[in-house]
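To start, the structure itself, in structure tokens.
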Number of protein chains: 2
Amino acid sequence: MEGCIFCGIINKNIPARIVHEDDEVLAFEDINAKAPVHILIIPKEHIGSLNDLPKDREPLLGQILARARAIAAERGIAKSGYRIVLNTGPDSGQEVFHIHVHLFGGRRMTWPPG
Amino acid sequence: MEGCIFCGIINKNIPARIVHEDDEVLAFEDINAKAPVHILIIPKEHIGSLNDLPKDREPLLGQILARARAIAAERGIAKSGYRIVLNTGPDSGQEVFHIHVHLFGGRRMTWPPG
């Protein structure tokens, strides 16, 4: 979608440190990392937020979380642990309205999560 | 699984404020709530963590997140916003080793998420 920074990354118009790419999903380093491992996992399809996800696309969520798990394993944090966060709407602090999952690891995460 | 507090809730041996139940998924209020809305969504099948989820059960993750979205709508926080958190392993602070997704809403969540 025009004006969407994540669509720009998908289209390679905006540079990013991409860590995974397949037909449906892209993963890249968060430029404002909040942990030693902080990666964003997004669908290539432009979907604004979890609220906007069509019901028949729900399996995409499974794919995205499975990819987060795979990346955690690749980065060597599967056993030490990792936190996955999905923000939706203003109270969550969602800033880019292209659905994205955050993967955090490499440090002890505190509670509550924000 | 014996000794698992969440299996105890599923089996109704341990009381909980249940907000949703179907054949595969249970949702209930977190007894140590960290936000006006703080609900846990779990599969009825005992799976220790995301690391332990069999590959052919990945669609279950989509089901769980879809349920979180539905509960957010029921609680009237779909538009104000909500945060979904999935902890895996020690660094994440995962305490109960039965996979569970946290749904937070009803207040502004801060960043980073822990």
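Structure data summary
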{"quantity": "For A:Ile47, distant residues with modelled amide H under 5 Å away", "calculated": "A:Ile99"}
{"quantity": "Amide hydrogen neighbours beyond the local backbone of B:Val19, cut-off 5 Å, H modeled", "calculated": "B:Ala27, B:Phe28, B:Glu29"}
{"quantity": "Cβ-Cβ FRET estimate between A:Asn11 and B:Thr110, R0 fixed at 30 Å, reported to 0.05", "calculated": "0.40"}
{"quantity": "Cα-based helix-to-principal-axis angle, B:59-74 vs chain B, degrees rounded to 10", "calculated": "40 degrees"}
{"quantity": "Per residue, in Å², the accessible surface of chain B once ligands and nucleic acids are set aside, probe 1.4 Å", "calculated": "45 Å²"}
{"quantity": "Violating pairs (Cα-Cα greater than 31 angstrom) within the set A:Lys44/B:Lys12; B:Lys12/B:Lys34; A:Lys12/B:Lys44", "calculated": "A:Lys44/B:Lys12; A:Lys12/B:Lys44"}
{"quantity": "Per-residue ³J(HN,Hα) for the range B:17-22, Karplus 6.51 cos²θ - 1.76 cosθ + 1.60, θ = phi - 60°, Hz, x for Gly and Pro", "calculated": "8, 7, 10, 7, 8, 9"}
{"quantity": "Expected 222 nm ellipticity per residue - DSSP helices of 4 or more, -39500 (n - 2.57), all of chain A, to 500", "calculated": "-6000 deg cm²/dmol"}
{"quantity": "Sorted peptide list for A:8-14, B:39-45, criterion being average Cβ within 10 angstrom, highest first", "calculated": "B:39-45, A:8-14"}
{"quantity": "Accessible carbon and sulfur surface of the protein assembly as shown relative to its total accessible area, %, 1.4 Å", "calculated": "51 percent"}
{"quantity": "Accessible heavy-atom area order of A:Arg69, A:Arg107, highest first, probe of 1.4 Å", "calculated": "A:Arg107, A:Arg69"}
{"quantity": "Heavy-atom accessible surface that A and B bury in contact, both chains counted, 1.4 Å, Å² to 100", "calculated": "3700 Å²"}
{"quantity": "Inter-copy spacing of B:Ile5 label points, which lie 7 Å from Cα along Cα→Cβ, given in nm from shortest upward", "calculated": "3.8"}
{"quantity": "Within straight-line cross-link reach of B:Lys79, aspartates and glutamates at Cα separation under 18 Å, skipping those fewer than 8 residues along the same chain", "calculated": "A:Asp52, A:Asp91, A:Glu95"}
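The values are calculated or read from the model by the stated rules, or taken from the named source; none is laboratory data. Just so you know, these numbers come straight off a predicted model, no measurement behind them. When we count neighbours, we look across all protein chains shown, and the Cβ atoms used for this are built from the backbone with ideal geometry, even at glycine. Each accessible area value is taken on the protein alone, full model and side chains, heavy atoms only, with ligands, DNA and RNA left out. Shrake-Rupley method; radii C 1.70, N 1.55, O 1.52, S 1.80 Å.
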